Amino acid sequence: MSGRVQGVGFRNYVEHVAGKIGVSGYVRNRRDGRVEVFAMGAPEQLKQLRVALERGPMMSQVDGVAEEPDTVEAKYLGNFVIELTLE
């Protein structure tokens, strides 16, 4: 995500929404000011997450959400975590 997405509780928001929807993965800040989300789930779950990401928490302003396919990472199955900032 890009826009005003750091310093507004975005990672906690994503962790909460992901847990509610039932997706696995992680969220982390990037040094360039964006937020990265890696999510695994059924297509409908991922669609719900994207809608939530586009909306963001109250103080955020999401300018864009980019999506790209990736492979399943077993260490995140059944769990959604906040990871350290990506260098």
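Top mean-square fluctuation among Val17, Val51, Val35, Gaussian network model of the chain, C-alpha springs under 10 Å? In the Gaussian network model the winner is Val51. Once the stretch 31-80 is represented by equal point scatterers at the alpha-carbon sites, with solvent omitted, what log10 I(q)/I(0) does the Debye formula produce at q = 0.13 Å⁻¹? Results for the stretch 31-80 at q = 0.13 Å⁻¹ read -0.36. Based on Cα contacts under 8 Å between residues 6+ apart, the chain shows a relative contact order of 44 percent. For the pair Arg30 and Glu67, the difference between a 0.36 nm per residue extended length and the Cα-Cα distance amounts to 11.7 nm.
In the context of the full set of protein chains, residues of the stretch 32-87 present 72 Å² of accessible surface per residue (probe radius 1.4 Å, heavy atoms only). Divided by 2.2 N^0.38 Å, where N counts the residues, the Cα radius of gyration of the chain comes to 0.99.
The values are calculated or read from the model by the stated rules, or taken from the named source; none is laboratory data. It should be emphasised that the depicted structure is a prediction, and the values quoted were computed from it without experimental measurement. Heads up: the accessible areas ignore ligands, DNA and RNA and are worked out on the full protein's heavy atoms, side chains in. Shrake-Rupley method; radii C 1.70, N 1.55, O 1.52, S 1.80 Å.
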